[in-house]
Amino acid sequence: MHTAKALDALTASIMLFAFPGRAIIHSPIATCALALAVMAQVSACGFFKDGEERGGSSGENGFAGKERAYAEGRDRVRLGLGALRTGVRVWELARRSVREVVGVSRELLVGDAVTERCKSGGGEE
């Protein structure tokens, strides 16, 4: 129950950066909050990815549910990294945060599309 609420809050906090505007450049606090939310989302993706590898029941909350949660989480990681990259030119903290998030993503989600994309063209600007 608490995990589900935490994941809902995490989703909401990252999705705030999907709205038009560039809130990330106005305050380094937004950069810190987003970096922490993306790190937590990467951790959740790692959990769902591990669940896929172990298998499970194919019910609504089984393998298919974890697969969907993993895909949606991966998309939120992409969104968060994109938002962090918008602040790179303004805040040195954003540059460091992008580097750290990409590093953690590579460690936890080896071979994942997010990390492959980061390696190929998603480095810092």
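No lab work stands behind these numbers, since they all come straight from the coordinates. Just so you know, these numbers come straight off a predicted model, no measurement behind them. Cβ atoms come from the backbone with ideal geometry, glycine included; neighbour counts cover every protein chain shown.
Taking Lys and Arg as +1 and Asp and Glu as -1, the other residues whose beta-carbon sits under 12 Å from that of A35 total +3. Sorted on the mean count of surrounding Cβ atoms within 10 Å across their residues, most packed first, peptides 32-43, 10-21 read 32-43, 10-21.
In region 14-53, the inverse of the mean reciprocal separation of distinct Cα atoms equals 11.4 Å; this is its Kirkwood hydrodynamic radius.
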